[in-house]
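**Student:** Input: one structure, supplied below.
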Amino acid sequence: MTKKSVLNLETGVFAEVDLSVEEQAEHDARVQAYQDGVFDRTILDLRTKRNRLLAETDWWGASDNTMSAEQIKYRKDLRDLTNGLTTANEVDAVVFPTKPSGA
């Protein structure tokens, strides 16, 4: 059972007490809700990093510039980075492609 700290106002001393059944149920629901959101948080972080890298290379596609095959592949690999990811562990294992040299 989970404990909570309770302050005795007369003595100024904290005591550890068990949660009530209702408090424990609410605590468990909050923990479960947090755990259920792990994938959403990790994929959002990955997409944010990926989008920043894409934005840094947007100028490669300007009308007065021709992208090399390596630049095209790099940007495609970035865009495809999240395809097929279904768990937070898969997201954590993603390796970003290497930016082409001289770019």
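To keep it simple, each residue is scored yes or no on (1) of a type outside the set (Asp, Glu); (2) in contact (Cβ under 8 Å) with a residue 60 or more places away in the chain; (3) not in a helix (DSSP H, G or I).
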residue	(1), (2), (3)
23	no, no, no
26	no, no, no
35	yes, no, no
44	yes, no, no
49	yes, no, no
54	yes, no, no
63	yes, no, yes
84	yes, no, yes
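**Student:** Moving on to the next point. Look through the stretch 1-14, keep the residues that are over 22 Å from residue 28 (Cβ atoms) and hydrophobic (A, V, I, L, M, F, W, C), and return whichever of them is modelled with the lowest pLDDT.
**Tutor:** 7
**Student:** Do we find that residue 66 is modelled with pLDDT under 95, among the β-branched types (Val, Ile, Thr) and over 12 Å from the mean Cα position of the chain (by Cα) in this structure?
**Tutor:** Against the criterion (modelled with pLDDT under 95, among the β-branched types (Val, Ile, Thr) and over 12 Å from the mean Cα position of the chain (by Cα)), residue 66 qualifies.
**Student:** For residues that are surrounded by 13 or more Cβ atoms within 10 Å (Cβ to Cβ) and hydroxyl-bearing (Ser, Thr, Tyr), scanning just the stretch 74-103, find the one that is nearest to residue 39 (Cα to Cα).
**Tutor:** 82
**Student:** Taking the options 32, 24, 71, name whichever one is under 30 Å from residue 6 (Cα atoms) and either surrounded by 12 or more Cβ atoms within 10 Å (Cβ to Cβ) or of a type in the set (A, V, I, L, M) (or both).
**Tutor:** When all the criteria are applied, what remains is 24.
The values are calculated or read from the model by the stated rules, or taken from the named source; none is laboratory data. Keep in mind the model is a prediction, meaning the values are calculated, not measured. Note that we place each Cβ from the backbone using ideal geometry, even for glycine, and neighbour counts take in every protein chain shown.
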